[in-house]
Structures are given as structure tokens and as C-alpha cells.
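The values are calculated or read from the model by the stated rules, or taken from the named source; none is laboratory data. The structure displayed is predicted, hence computed values, not measured ones. Glycine also receives a Cβ, built like all others from the backbone with ideal geometry; neighbour counts cover every protein chain displayed.
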Amino acid sequence: MSTELRASDGSAAYPTLAARARTPRLGVTVVADLVDAIVRGDLPPGTSLPPEAVLCEQFGVSRTVIRESVKRLEEKGLVTVAQGRGTQVLGAESWNMVDATVLSALVANDATLGILDDLSVVRASLEGVIARDAATHRSPDDLERLREALQLMRDTIEDEPAFNAADVVFHTRVGDMSTNRLAVNLVQTLFGRARESARFHLHSRLEITLDEHEQVFAAIEAGDPDAAERAMRSHITDAWERRRPPSPRR
């Protein structure tokens, strides 16, 4: 729950938006706290950001830092600056949800797991395309590197943290085989944010996960794009369903 800071004339109260104790703040931290406050709903769509003086007081920074931070918020689609009306918060339909800071805040405040559900759908689609491309453009060296990653997963089946790390290596090496760098970059951004959530790391059946990776490898090794895409899509979807904690569905 946010506390309030009253303006110097006592006429208005504003929510405290700084997440940590007030110290000199870097602009990037100010932006992250403001993004989190907007995504969390402390500043609903249509409301105005507190005046510069209030933000300076809360964050312990200069007006220059606050102005630059507001520009970053505007670039991310979270606010709009209109002369005479101040800085107004925009609705989620305007947010750049693949922006790393915005996506991190969405995942952190994802009470119903709806964002993680959506990320799983998007990731399955993108990684399916990447696996298809890998099966088409594989080389002997690529296959050997992927085989090594798969063997590392086999070797760590009794050590879940090490197994999960090997899992990431496997997916990274599939991405290295693809010529679709945009899809690979998007997956790295999206999946990187998902892994920040503790709810993403609930225990999963490692034997099933390993078998799914075996199927992906076999399809890529055989040069079968359809099978590779199908196996990867199924793996991403089923793996999330296995680890997804109980929560209200949307």
C-alpha cells in the first residue's frame, strides 16, 4: 500500500512512488519505480503524475532527472505530456509491452498469471519458428553443439538447478542455428523477463522435459522443419502448463 506526501501548501496529497528509501537516484531507477507504480495501478489511466517538485522530493533527484525520466515514460507509451494539462497516465493499450522495464513490471505485478500465460503463447510461436529454421539451416557443427547441450541435460537430470541451466543452453543453441535474428532477440527478451518471476520456477517433471528436448533435437537432426516446429511448440506449451501454479484463470 502506498503512503502519501502532501504538497508544500497542504492542498493536495500524492502517492509515494519511490519504491525504496529516499537517496540520490539514478534516472533509470526513477523510471523503473514510476513504471512499476503505473503498472501496479497506483496511478490509474487518466490521472496525472505528481508535479515535478513532489517527484524530486520523493526520489531525491533534480528536476532535470525527473524531466528525463518522464521522457522515458512517454517513449514507453505509459504517459502523454500535454501543455496545460500536465503529464497524464495512459491505459495499457498504449504501453510498449516488449520494453524490458515495462515487461518486468507486468510480470512482477501479474496477479492472475495472465501475462505469463500470454508470454508462453508468444514464446511457443516464436520458438517454433526458430526450431523450424534451425532444422532447415543446421550444420554438422551446429548439431554437435546442440547434442552437447542435450547431453548436459541428461547428465544433470538429478540436479534441477543445473538441469534448468542446461535447458537454457539448449534453447540458446537452437537460436544460434536460426537465421531469424529478430525472433531470437524477441525470445531472449520475453523469456528473460519471465524467468525473473519466482512463479515461473516451480518444480517441473524433468524426465518429461528431457524427453521433449530429445524430440526437438531428433527433428532438427533429421532436417524435418515441420516436426521441429511442432515439437518445440508442444514443449513450450506443455512445460508451462506443468509448472503453472494454481490461480484464477482470466
Residue selected from segment 151-170 under the condition touching a helix residue (DSSP H, G or I) at 6+ places or on another chain (Cβ under 6 Å) and not in a helix (DSSP H, G or I), by the criterion surrounded by the most Cβ atoms within 10 Å (Cβ to Cβ): 156
Filter result for residue 23 (modelled with pLDDT under 95, part of a helix (DSSP H, G or I) and not basic (Lys, Arg)): no
Test: residue 217 is more than 28 Å from residue 136 (Cβ to Cβ) and either surrounded by 16 or more Cβ atoms within 10 Å (Cβ to Cβ) or modelled with pLDDT of 95 or more (or both): no
Looking only at segment 88-138, and only at residues there that are outside any helix (DSSP H, G or I) and either modelled with pLDDT under 95 or within 11 Å of the chain's Cα centre (by Cα) (or both), the one that is nearest to residue 221 (Cα to Cα): 98
Residues within segment 68-87 that are without any contact (Cβ under 8 Å) to a residue 40 or more places away in the chain and either assigned to a loop (DSSP other than H, G, I, E, B) or out of contact with any helix residue (DSSP H, G or I) (no Cβ under 7 Å at 6 or more places or on another chain) (or both), tallied: 10
Segment 40-69, subset over 17 Å from residue 80 (Cβ atoms) and of a type in the set (Gly, Ala, Ser), residue surrounded by the fewest Cβ atoms within 10 Å (Cβ to Cβ): 41
Index of the failed condition, residue 31 passing every other in (1) at pLDDT below 90; (2) touching a helix residue (DSSP H, G or I) at 6+ places or on another chain (Cβ under 7 Å): (1)
